[in-house]
Amino acid sequence: MDNKIKFPYYFKTIDGLFCHTVSNHCYDENNKIIGIPKYFPADGNIDNGRIIDGKLYFDHMPTFGHSIGRTRQKYQKYMNYVKYYGEEMCTFEEKEISIVFNPRVIAQDIYKNTEKYNHQIHKDARDLMDLIVNILEIPLNDVGIEGSLMLNCYKNNSDIDVVIFGGDSINKLIKYFNNLVKSPSIHLYDMGDIDLIYSRRYKYESFQSNEELLAQEKQRTVGLINGRRFWLQPVLENDFILEKRNYNLAKTDLVEDIFIVKNTDHSVTWPAFYEIENKKYGTVYLECYDPVYMNQAGVGDKIIIRGFLYSSVDDQSCKKVIILAPWIETKQYLRKL
């Protein structure tokens, strides 16, 4: 491969796993690619599978924890300890990867090749990209397609997962997102959509009422186009995460405590980053790799956090980090009080 894999790319391994990267930090200390398998090849007949490239696959696992569990059972060679995150994760050598899926390339292909991509989901995706360009004023070159649409294994009711790249385009997305309602094809969530919202969020509950759930969801750039769910996911392409933290971590504690938010400069992106503090732990960097936590708190807000605490292990700073991530198997949440 000539180019490095970035976030949020997908890739296929030579033994048939379809995987995706988990953050801007895509390579471990051994230059292996960090990823999570999403679709596993099926050896025999199964119920509710998906066909990808003419081969039967298990439908995606219910959670990241299930994906890692499946990897441990059948693909143990991919499980390795990653110092940067302080966790055992799935890592892959470049020689083990056969195909890389670039969100920008897929978006351009779907947008331009109307004969090849002629399913209703492709038409909805093109309509959505037109609205992104014309209403949000975001260049098409800053738009990418990911998820099942990227891998061509969508179902009739699949979501459209869009990524928006670059600081300028992210600012436009956040500033103008609500203007999408100018289009009659767009619906932004209200209480009438609470069952749909819950069906996407019940595995990662960080709310205590329907009203709180709706308030959280309205802080995210998500809605319906022609009745189909879409999400516009803002992604920083630079090495921000590497610049912010260039040290390795070790897990030290499970935290459940109230903090004050001190900095939210990069809280609207996926992943989201906050700086928080309280008397017990002092200043803590909060890294949220599950997109449900993006844009959920502002400076001065009180929030309650539940998640694992990590400390730096290879310098003298003893910096503290709380990581909220779907690959960590514990109940975790960020809620504004």
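The values are calculated or read from the model by the stated rules, or taken from the named source; none is laboratory data. None of the values given here were measured: they were computed from a predicted structure. In this analysis, Cβ positions are derived from the backbone assuming ideal geometry, glycine residues included, and neighbour counts consider all displayed protein chains.
Tell me whether the range 10-17 contains one or more residues that are out of contact with any Cys (no Cβ under 8 Å at 6 or more places or on another chain) and closer than 16 Å to Met89 by Cα. Break it down stepwise before answering.
Here is the first cut: in the range 10-17, the residues out of contact with any Cys (no Cβ under 8 Å at 6 or more places or on another chain) are 14-17.
Narrowing the set further to residues that are closer than 16 Å to Met89 by Cα leaves 17.
Checked the range 10-17: at least one residue is out of contact with any Cys (no Cβ under 8 Å at 6 or more places or on another chain) and closer than 16 Å to Met89 by Cα.
Would you mind telling me which numbered condition in (1) in contact with a strand residue (DSSP E or B) (Cβ under 6 Å, 6 or more places away or on another chain); (2) under 23 Å from Lys331 (Cα atoms); (3) surrounded by fewer than 18 Cβ atoms within 10 Å (Cβ to Cβ) Lys83 fails?
So the condition that Lys83 fails would be (1).
Considering Phe207, Phe230, Phe273, which residue is assigned to a strand (DSSP E or B), of a type in the set (Phe, Trp, Tyr) and in contact with a Phe, Trp or Tyr (Cβ under 9 Å, 6 or more places away or on another chain)?
Phe273
What are the pairs, 6+ residues apart or on separate chains, where a residue within the range 121-132 that is within 11 Å of Ser185 (Cβ to Cβ) and in the same structural domain as Asn179 (by TED's automatic domain parsing) has its Cβ under 8 Å from a residue that is hydrophobic (A, V, I, L, M, F, W, C) and surrounded by 20 or more Cβ atoms within 10 Å (Cβ to Cβ)?
Close Cβ pairs satisfying both conditions: Asp124/Ile160; Asp124/Phe230; Leu128/Ile160; Leu128/Val162; Leu128/Phe230; Leu131/Leu180.
Taking Arg228 as meeting all but one of (1) assigned by TED's automatic domain parsing to the domain that holds Glu146; (2) surrounded by fewer than 21 Cβ atoms within 10 Å (Cβ to Cβ); (3) among the charged types (D, E, K, R); (4) within 21 Å of Thr63 (Cβ to Cβ), write down the number of the exception.
It is condition (4) that Arg228 fails.
One line per residue, one yes/no per condition, for (1) of a type outside the set (D, E, K, R); (2) under 29 Å from Tyr285 (Cβ atoms):
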| residue | (1), (2) |
| --- | --- |
| Ile68 | yes, yes |
| Tyr75 | yes, no |
| Glu88 | no, yes |
| Glu96 | no, no |
| Pro103 | yes, yes |
| Ala125 | yes, no |
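For the range 103-119, state whether one or more residues are in contact (Cβ under 8 Å) with a residue 60 or more places away in the chain, surrounded by 13 or more Cβ atoms within 10 Å (Cβ to Cβ) and out of contact with any strand residue (DSSP E or B) (no Cβ under 6 Å at 6 or more places or on another chain). Spell out how you get there, then give the answer.
Within the range 103-119, the subset in contact (Cβ under 8 Å) with a residue 60 or more places away in the chain is 103-104.
Okay, now just the ones that are also surrounded by 13 or more Cβ atoms within 10 Å (Cβ to Cβ), so 103-104.
Filter once more, keeping what is out of contact with any strand residue (DSSP E or B) (no Cβ under 6 Å at 6 or more places or on another chain): none.
No, there is no match, as no residue in the range 103-119 is in contact (Cβ under 8 Å) with a residue 60 or more places away in the chain, surrounded by 13 or more Cβ atoms within 10 Å (Cβ to Cβ) and out of contact with any strand residue (DSSP E or B) (no Cβ under 6 Å at 6 or more places or on another chain).
Considering only residues that are assigned to a loop (DSSP other than H, G, I, E, B) and of a type in the set (S, T, N, Q), look in the range 276-310 and name the one that is nearest to His25 (Cα to Cα).
Filtering the range 276-310 down to residues assigned to a loop (DSSP other than H, G, I, E, B) leaves 279-281, 289-290, 294-301.
So of that shortlist, the ones also of a type in the set (S, T, N, Q) come out as 295-296.
Details: Asn295: 20, Gln296: 22 Å.
Here the residue is Asn295.
From the residues in the range 51-77 that are without any contact (Cβ under 8 Å) to a residue 24 or more places away in the chain and in a helix (DSSP H, G or I), which one is nearest to the chain's Cα centre (by Cα)?
Only one residue fits best here, namely His66.
Go through Asp314, Asp253, Asp257, Asp265 for me and flag whichever is modelled with pLDDT of 95 or more, surrounded by fewer than 20 Cβ atoms within 10 Å (Cβ to Cβ) and of a type in the set (Asp, Glu). Walk me through how you get there before you give the answer.
Working: Asp314 fails: modelled with pLDDT of 95 or more; Asp253 fails: modelled with pLDDT of 95 or more; Asp265 fails: modelled with pLDDT of 95 or more.
Testing whether each residue is modelled with pLDDT of 95 or more, surrounded by fewer than 20 Cβ atoms within 10 Å (Cβ to Cβ) and of a type in the set (Asp, Glu) leaves just Asp257.
Quick check on Ile328: is it of a type in the set (A, V, I, L, M), buried (at least 22 other Cβ atoms within 10 Å of the Cβ), touching a residue at least 12 places away in the same chain (Cβ under 8 Å) and not assigned by TED's automatic domain parsing to the domain that holds Thr221? First the steps, then the outcome.
On the way: of a type in the set (A, V, I, L, M): yes; buried (at least 22 other Cβ atoms within 10 Å of the Cβ): no; touching a residue at least 12 places away in the same chain (Cβ under 8 Å): yes; not assigned by TED's automatic domain parsing to the domain that holds Thr221: yes.
In short, no.
Please work out which residue is surrounded by the fewest Cβ atoms within 10 Å (Cβ to Cβ), limiting yourself to the range 120-134 and to residues that are touching a strand residue (DSSP E or B) at 6+ places or on another chain (Cβ under 9 Å) and over 23 Å from Glu237 (Cβ atoms). Step through it out loud before you land on a result.
So in the range 120-134, the residues touching a strand residue (DSSP E or B) at 6+ places or on another chain (Cβ under 9 Å) come out as 120-121, 124-125, 127-129, 131-133.
Now drop any that are not over 23 Å from Glu237 (Cβ atoms), which leaves 120-121, 124, 127.
Values: Gln120: 10, Ile121: 20, Asp124: 20, Asp127: 18.
Here the residue is Gln120.
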